[in-house]
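The values are calculated or read from the model by the stated rules, or taken from the named source; none is laboratory data. Please read all numbers here as calculations on a predicted model, not as lab measurements. For neighbour counting, all protein chains shown are included, and Cβ atoms are generated from backbone atoms with ideal geometry for every residue, glycine included.
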Ligand SMILES: *Cc1c(COP(=O)(O)O)cnc(C)c1O
């Protein structure tokens with residue numbers, strides 16, 4: 001059992017077009033239609049009926065924390081292995097933002113992660129496991145792994161060393177604080193957010209009230225110098241290609257030193273773009289799902305406001321580009 005894709009789960013947790021969905025018979029769990037939060041009671045009831053071998057916890061587009069203690073309790077009740085995929089939020093784990101029942105480490109039998117997302121290291125991954133699972137996990141080499149990449153191993157060591165520092169904890173807390181600021185700024189401008197806010201590093205906008213698809217919003221924002229990515233919202237009427245959502249994460253801009261003032265400004269840039277964009281009509285006159293209309297004077301003015309914010313926070317201070 002894995003989290004449904006349109007609820008924020010990942011392709012590799014049993015999605016039918018992914019190898020995981022071909023190897024396993026999968027049943028997904030989702031979120032409550034009203035609160036848009038994980039419905040643990042339904043998950044428990046479904047798990048009792050389906051009796052999964054593995055319960056996969058973790059997400060890449062869910063703007064809330066997960067109660068891993070509860071996940072483990074459910075897994076134990078049905079005799080399942082709890083696999084926690086912390087690929088997206090490992091930085092908030094290492095940075096001690098996710099503590100107690102929200103810390104996956106004490107609860108997962110097997111925990112997988114990337115090193116290149118909020119953990120801020122090189123592209124790669126790692127697996128943690130309890131002793132019970134160690135032999136199985138070690139079979140991953142040579143079963144699914146080839147040659148080691150020495151340079152990536154060295155870079156991972158640097159990332160792990162950085163993640164142990166107090167300054168990384170400050171960074172991870174700022175990532176979460178900035179996501180809250182961004183969410184508040186967007187809400188103030190009337191933008192609808194999935195779950196109504198965030199308590200991790202993700203803000204997921206539902207742009208349907210603007211008459212836009214996620215794809216149109218993503219393109220209009222990109223045109224204005226704001227890089228985001230379109231993403232499904234729960235029960236998305238526009239499907240996984242056009243979508244109705246835009247997903248934003250705060251780790252990169254936080255690394256550049258953006259704080260509350262800057263993220264409030266970012267919220268305004270985004271809201272300004274959404275308010276100024278309309279869907280381009282198709283030949284029949286109905287609103288289309290891909291093309292959009294945005295006045296170039298608007299996109300250019302937003303791009304220059306974005307440039308100003310970035311100029312104040314260079315990627316590598318001292319390096320002239
Ligand atoms: C990003 C991610 C992965 C790994 O994806 P890559 O293609 O290796 O980047 C796995 N699980 C989750 C939940 C993710 O967000």
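The figures follow:
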quantity: In the range 113-140, residue farthest from residue 74 (Cα to Cα) [restricted to those that are out of contact with any helix residue (DSSP H, G or I) (no Cβ under 6 Å at 6 or more places or on another chain), within 11 Å of the ligand (Cβ to nearest atom) and free of Cβ contacts under 8 Å to residues at least 40 places away in the same chain]; calculated: 123
quantity: Qualifying residue in the range 249-262 (condition: out of contact with any helix residue (DSSP H, G or I) (no Cβ under 6 Å at 6 or more places or on another chain) and under 29 Å from residue 30 (Cβ atoms)); calculated: yes
quantity: Residue selected from the range 82-104 under the condition in a loop (DSSP other than H, G, I, E, B) and within 16 Å of the ligand (Cβ to nearest atom), by the criterion surrounded by the fewest Cβ atoms within 10 Å (Cβ to Cβ); calculated: 87
quantity: Scan of the range 21-31 for residues that are within 16 Å of the ligand (Cβ to nearest atom) and within 22 Å of residue 236 (Cα to Cα), ordered by number; calculated: 21, 26, 28, 29, 30, 31
quantity: The one condition in (1) within 18 Å of the chain's Cα centre (by Cα); (2) under 24 Å from residue 6 (Cβ atoms); (3) touching a residue at least 12 places away in the same chain (Cβ under 8 Å) that residue 255 fails to fulfil; calculated: (2)
quantity: Options 230, 215, 247; residue that is closer than 21 Å to residue 186 by Cα, at pLDDT 95 or above and part of a helix (DSSP H, G or I); calculated: 215
quantity: Test result for residue 158, within 15 Å of the chain's Cα centre (by Cα) and closer than 25 Å to residue 116 by Cβ; calculated: no
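Condition check ((1) without any contact (Cβ under 8 Å) to a residue 24 or more places away in the chain; (2) more than 14 Å from the ligand (Cβ to nearest atom)) across all residues:
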position: 33; (1), (2): no, yes
position: 40; (1), (2): no, yes
position: 45; (1), (2): yes, yes
position: 64; (1), (2): no, yes
position: 72; (1), (2): no, yes
position: 111; (1), (2): no, no
